[in-house]
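This report concerns only the one structure given below.
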Amino acid sequence: MADKNNTPTPPRAMRRQGQRFTKEQRVAAQEKFLRTFSMTANVRAACMSVGIDRSTVYAWQEHDPDFSFKFNIASEEANDVIRAELFRRAVQGIDKPVVSMGKMVYHDGKPLTERVYSDSLLSLLAKSRMPEFRDKQKVEHSGPDGGPISIKRDPNLQLLTDEELAQAQRIALQLSHRQGGE
């Protein structure tokens, strides 16, 4: 079986369960997956177009740096498709049929339409592009009962020289990196 570009992409039915793609089949399947994903922004739909399971895509991402790079590009392209649609609906508007008493209204034999815009999508676009439209957030920290935060210092640390204190900080930083990396 081949897709529109005559690229051989065997559907799952042509391969036995657990049977691996040949290198050529894998490359063709990856290309078709990426092409579909970039247009639909939907991993499931792209997998179905190729006849693979989504776990295959995750394995490719993990073990194939070239595919992982191309997947990130396709993901950005998919995001651009979504952004374009948001813009179209919010700024350019869409034609919506005029309905009266449950029936479409016609004028000169053609359906009558009105141009409608999405204020909520326009708001999302503005928030994504312009900081002054984003929701303001303020975080404050306080101690018990809204009072100040008290910091208890170990009296032994006050006995350390600046050099000893800097060395202790480096050791603590190294330990935190080791614990975070495990």
Inside the stretch 60-77, the number of residues satisfying the requirement of being of a type outside the set (Phe, Trp, Tyr) and closer than 15 Å to Cys47 by Cα is 3
Among residues of the stretch 84-127 being of a type in the set (S, T, N, Q) and surrounded by fewer than 13 Cβ atoms within 10 Å (Cβ to Cβ), the residue farthest from Ser38 (Cα to Cα) is Ser100
Flagged pairs (Cβ under 6 angstrom, 6 or more apart or on separate chains; first in the stretch 72-100, farther than 30 Å from Leu112 by Cα; second assigned to a helix (DSSP H, G or I)) are Ala74/Leu34; Ala74/Phe37; Ala74/Ser38; Glu77/Ser38; Ala78/Ser38
Taking first residues from the stretch 9-28 that are modelled with pLDDT of 60 or more and second residues anywhere that are outside any helix (DSSP H, G or I), the pairs with Cβ under 6 Å that are 6 or more apart or on different chains are Gln25/Pro10; Ala28/Thr7; Ala28/Pro8; Ala28/Thr9
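The values are calculated or read from the model by the stated rules, or taken from the named source; none is laboratory data. In this text the structure is predicted, and so the values were computed from the model without any measurement. Note that each Cβ is placed from the backbone with ideal geometry, even for glycine, and that neighbours are counted across all protein chains shown.
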